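Just below is one structure, and these are the notes that go with it.
Every number here is computed from the coordinates shown, using simple stated rules; none is lab data. Values in this document were obtained by computation on a predicted structure and should not be read as measured data. Using ideal geometry, Cβ is built from the backbone for each residue, glycine included, and neighbour counts are taken over all protein chains shown.
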Amino acid sequence: LRLWDTNGKLLHTLNGHTESVFALAFSPDGKYIVSGSTDRTLKLWDTNGKLLHTLNGHTQLISALAFSPDGKYIVSSSADSTLRLWDINGKLLHTFNGHTSFVLALAFSPDGKYIVSGSDDSTLRLWLGGNWQDWLKIGCDRLYNHPALVHAKTEEAKGAAQTCLNYANWSNTKKAQFLVNQGQALSQLDRDIKGANAKFNQARKLDPSVTIPR
């Protein structure tokens, strides 16, 4: 890649890709550049020409790239029929599967909540994009009263319930009620009074007005 000023002066040559560079985008604040190549990698650079991160995951050439409006996320598309969402530190957050052929184009919505993609399979697809906490909240909301979380028995289920409490952007009132529901399950189904009281006490700390069953 070559970075020029608008007078035509060459500022930096960015070396790192090993095959043709097929796609690139500037971040909204103009501080970063992301490039995609037929070498199947994305590379994130600063505008001083420094390579910050190499992003691996796609299995074929990178066809299009876009930054989210807030500059915190990058979405890439590929001839491997997938889109991938990354954070600005190069961490892969999500892989979007659904297209059946080369994904040719993509874009974020202005509010950053959605991604649209167009493919050689003759379809456009609209995806939920942006903040991973948006997706987590949707999943946790759907499972709010599900026994798998309320009466979590395995370590995986307990971890999922704690993840919802910590990261799903629930209000303190909603967190408190969830903890009360967990406490009720412990009391009624497991006869674990000590465990139930611990949940009730956590709930009171979050929302003193929450109703604790007797």
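Tell me, what are the semi-axes, in whole angstrom and largest first, of the equivalent ellipsoid of the range 1-142 as set by the roots of 5 times the Cα gyration tensor eigenvalues?
On the way: eigenvalues 134, 62, 35 Å².
For the range 1-142, the ellipsoid semi-axes come out as 26, 18, 13 Å.
Quote the FRET efficiency, to the nearest 0.05, computed for I138 versus A107 with a Förster distance R0 of 25 Å and r equal to the Cβ-Cβ distance.
Numbers: r = 22 Å, r/R0 = 0.87.
Approximately 0.70, to the nearest 0.05.
Okay, helix-only estimate at 222 nm for the chain: each DSSP H run of n ≥ 4 adds -39500 (n - 2.57), divide by all residues, round to 500 deg cm²/dmol; what do you get?
Mean residue ellipticity, 222 nm, calculated: -9000 deg cm²/dmol.
Over 27 Å between Cα atoms: which of K153/K194; K50/K137; K72/K205; K137/K158 fall into that group?
Checking Cα-Cα distances, K50/K137; K72/K205 exceed 27 Å.
Just S68, S171, S78 to compare: in a GNM of the chain, with alpha carbon springs under 10 Å, which one fluctuates most?
Maximum fluctuation in the GNM of the chain, among the listed residues, is at S171.
Dipole size in debye (nearest 20) for the chain around its Cα centre, Lys and Arg Cβ +1, Asp and Glu Cβ -1?
Here the size comes out at about 900 debye.
Mind giving me the FRET efficiency for Y114 and N197? R0 is 45 Å, r the Cβ-Cβ distance, nearest 0.05 is fine.
Efficiency computed from Cβ-Cβ geometry: 0.55.
How big is the range 134-206 on each of its three principal axes, counting only the C-alpha atoms and giving the largest first in Å?
The Cα atoms of the range 134-206 stretch 35, 26, 16 Å along their principal axes.
Please name whichever of A198, Q182, W135 sits farthest to the positive end of the charge dipole of the range 134-206, dipole taken about the Cα centre and charges placed at Cβ: Lys and Arg +1, Asp and Glu -1.
Checking the options against the dipole of the range 134-206, the answer is A198.
For the chain, build the charge dipole from Cβ charges (+1 Lys, Arg; -1 Asp, Glu) around the Cα centre, then report which of L55, T6, L106 sits farthest towards its positive end.
The residue sitting farthest along the positive end of the dipole is L55.
Tell me, what ³J(HN,Hα) does each residue in the range 73-90 have, in order and in whole Hz, if you take phi through Karplus 6.51 cos²θ - 1.76 cosθ + 1.60 with θ = phi - 60° and put x for Gly and Pro?
Coupling constants for the range 73-90: 9, 10, 10, 10, 10, 8, 5, 7, 6, 10, 10, 10, 10, 10, 8, 5, 8, x Hz.
Could I have the simple spin-label model distance between N7 and Q188, label points 7 Å from Cα toward Cβ, reported in nm to one decimal?
7.6
Considering the chain as a Gaussian network with a 10 Å cut-off on Cα pairs, which listed residue, L85, L42, L179, attains the greatest mean-square fluctuation?
Top of the fluctuation ranking is L179.
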